[in-house]
Each structure stands twice: as C-alpha cells, then as structure tokens.
Amino acid sequence: MPRQPLPLVTVATSRGDRDAIVTHELTRSFGDRQALAGIDLRAPAGSVLALLGPNGAGKTTTVRILSTLLRPDGGRATVAGHDVRTAPHAVRERIGLSGQYAAVDERLTARENLYLVARLHGMSRRTARDRVVDLLDRFTLTEAADRPSGGFSGGMRRRLDLAGALTTRPAVVFLDEPTTGLDPRGRADTWQAVQDLVADGTTVLLTTQYLEEADQLADSIAVIDHGRVIARGTASELKAAVGGERISLRAAAPGTVGAVAGVLAGVGPHRPEIDRRAGRVSVATDNGSTDLQHVLAALETAGLAVADVSLAPPTLDDAFLSLTGKPRRVPDSADPATPARPRRGRRGKGTHAWRR
Ligand SMILES: Nc1ncnc2c1ncn2[C@@H]1O[C@H](COP(=O)(O)OP(=O)(O)O)[C@@H](O)[C@H]1O
Ligand SMILES: [Mg+2]
C-alpha cells in the first residue's frame, strides 16, 4: 500500500465520519507468526463492537494497534477519524484503554490512582478532584475510595481500571477482555458500566471469549480466529445463526453418531451439528425443555443410547461449529498433524447473510 498521509481533519460531510473505528486489511506478524492476517472492522460512532474469539485469535494485537501501542505491518486503521499510523497523538487524545490485565498501582488508594491519571492528562487539581469524585461514584467505588487498591477484589480492580480509562471522557474506549477472570457479580457490574458508557454516546470496542457477553453488550460482533474475521453480524443475527439454547448429547456407541443426528434433525427446524472426534451431536432449539423431551423419546423409540445430555446456552465452541461447519481448532496444538482438508467441510451450511 502506498504510504499516503491522510488529512488530519475529517470532512464533516463524508459518510465515513460516522464511523469511530475503521480497519482495512490490517496485518501484523511477530517473527514468523502471523497474528493478524487481514482484519476488516467498522464501528459506527456510539456503537459497541465486540471482537469475539478464542485465546490467540488476535484480539489483543488488534486492540494494541488501534490504541497506537503497536504498529501494523500493513493495512489501514482510523480511530475517531485519525489514522493510527500517521496521527497517533490525535488518536491517543481521543481514546481510553483498559488492557487485558487491570493496571492499577496497588500502593495507592482508588482515589489516588484516578487522581494520578487525571493529573497526568493535564487536568487542573480542582477539575481532577471533581472528576475523580464522579468516577468513584459511577463505578461504585466511593466507599472503598480511600483504601489501598492492593486489597481490592478482581471486580473492584477492573472497575477502577475502567474508571481510569474514562478519566478524560474519551470518544472511543477499548476494553480488552474486561470480564475474564471475574466472578458473576464482577461481570454484572462491568456489563452495567459498559452499558452506562454507551448511554453517554461513547464508542466501545471490547474483546471477549464469551458469546453471551458479546450478545449482551454488542451492537455488532466480529468473530475472529487465527487473525481473520470468520463471521460478522449483529448480536441477533449471530444468535439466529447459532440458535438460542442448545441440546447437546454424546452417542453412547461411537458408530451411532450419524443416526443420533438423524433423530435430532427430525425434531426441530435447526440442523444438528456433528463433532465426530468427540462423538457429540448438538442442535439449536427454540423451546428447550419441550424439544429435549421429544428428542429423548425419539431416541428411545429408535433404540439409540446416549450419554451426557445437556441443555445450555451456546458456547463459543458451538458458535464456531455453527459458523464454520467444523469444530474450532485448538491453537498451537498438533496443527501439522492435521491432514489437509477442504476449506469448507462437506456439511458446510451454505452462506449466512452476514458471513464473509
Ligand atoms: N509480542 C508478541 N510476540 C510474539 N507473539 C505474539 C506477541 N503478541 C501476540 N503474539 C501472538 O500472536 C497471536 C495473537 O495473539 P493475541 O493478539 O494476544 O491474541 P488474543 O488476544 O486473541 O488471545 C498469538 O499466536 C500470540 O502468541
Ligand atoms: Mg488477548
């Protein structure tokens, strides 16, 4: 790509002006490992974009490039109208970042941590003090404000880190796995904080390994794996494709997986997915427990024995199976031993409207 400097000021009439984040064929390698193999993203101003993907997919690398901590090898990215390569300072002035691991100074209290950030950003003492009071209140840290943050729970630490990222009222906020490692309470609090942000008109890009989280928070989702976007759409499109709850079961005799899938296919409108390696069959269901009873009855009639029956919300693995027609490959394991196979499995489901 020719290195053409882009104008620092966006033209108000351009359509792209409404997009807070745009990337085009973003690539980045570390040595001979390609972390990003051409990522295209778009987040309209005021929206929440979720990058959903397993460990090693390239989420943090994308966030680091968009927050100007890392230069891309190729492609283009603009944040709040400014190119991350040619105008990193302009980008930095407009963003907040909460990294994958909460960055708080444990020796300082919550109030001191936030005050430090505010002062580092050039706020006057008085403005900084007021802003900190606001933030402490907003993230329910007022009570704990004057205790050293070293004693905080994971959820409190995460909220403090998030508050720090918002000190300057940035237009765009990056949250890298904001709830990984949190207990349900911490997760719920963080979700609430993200929803408050959005209500304020902030654009949020968050990364997550949880389908449910992306579903709760995001206006649009990009599913990434091995440095590529493998699917994208709104939360409801993704849900429709993956299904609500899923019935999952394992055939008691490995040779009967196909027959079990055949029975599942007869029960609802959704097509069962087969993971032959694990001997599992799963299917989306619109009315969980009723369908489950029908499935079990039909299997009994057919004389097919099953083990490990479950009814649960779809996992990231289910999503991968639905979206790609094959199980997700485990990163860094036995890849060379995997025989070459066609890019799309025989059971490829055809094209979802929102699939690339
Ligand atoms: N600084 C680095 N040096 C070498 N390899 C890296 C570095 N950062 C990331 N990678 C590799 O790039 C890939 C993507 O990593 P990352 O973006 O951290 O994924 P995610 O955040 O989705 O877990 C992984 O294979 C990871 O090992
Ligand atoms: Mg990461």
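The values are calculated or read from the model by the stated rules, or taken from the named source; none is laboratory data. Note that the coordinates shown come from a computational prediction; the quantities given were computed from them, not determined experimentally. So basically every Cβ, Gly included, is an ideal-geometry build from the backbone, and we count neighbours across all protein chains shown. Side chains included, ligands, DNA and RNA excluded: accessible areas come from the protein's heavy atoms. Shrake-Rupley method; radii C 1.70, N 1.55, O 1.52, S 1.80 Å.
Overview of results
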{"item": "All helices (runs of 4 or more DSSP H) inside the range 126-227 with 1 or more residues being of a type in the set (Lys, Arg) and over 16 Å from the mean Cα position of the chain (by Cα)", "result": "154-165, 184-199"}
{"item": "Tally of residues being over 29 Å from Gly154 (Cβ atoms) and within 22 Å of the chain's Cα centre (by Cα) across the range 92-120", "result": "0"}
{"item": "Positions within the range 132-141 being modelled with pLDDT under 95 and either within 16 Å of ligand 2 (Cβ to nearest atom) or open to solvent by 20 Å² or more (accessible area, probe 1.4 Å) (or both), in sequence order", "result": "Asp134, Asp137, Arg138, Thr140"}
{"item": "Single condition Val91 does not satisfy, out of (1) under 20 Å from Thr203 (Cβ atoms); (2) free of Cβ contacts under 8 Å to residues at least 12 places away in the same chain; (3) away from ligand 2 (no atom under 16 Å from the Cβ)", "result": "(2)"}
{"item": "Scope the range 179-201; condition among the hydrophobic types (A, V, I, L, M, F, W, C) and touching a strand residue (DSSP E or B) at 6+ places or on another chain (Cβ under 9 Å); matching residues", "result": "Val194, Leu197, Val198"}
{"item": "Entirely in the range 40-121, the strands (runs of 3 or more DSSP E) that have 3 or more residues that are assigned by TED's automatic domain parsing to the domain that holds Gln195, at pLDDT 95 or above and of a type outside the set (Lys, Arg)", "result": "48-52, 74-79"}
{"item": "Failed item in (1) open to solvent by 10 Å² or more (accessible area, probe 1.4 Å); (2) within 16 Å of ligand 2 (Cβ to nearest atom); (3) out of contact with any Leu (no Cβ under 7 Å at 6 or more places or on another chain), with Ala57 passing the rest", "result": "(1)"}
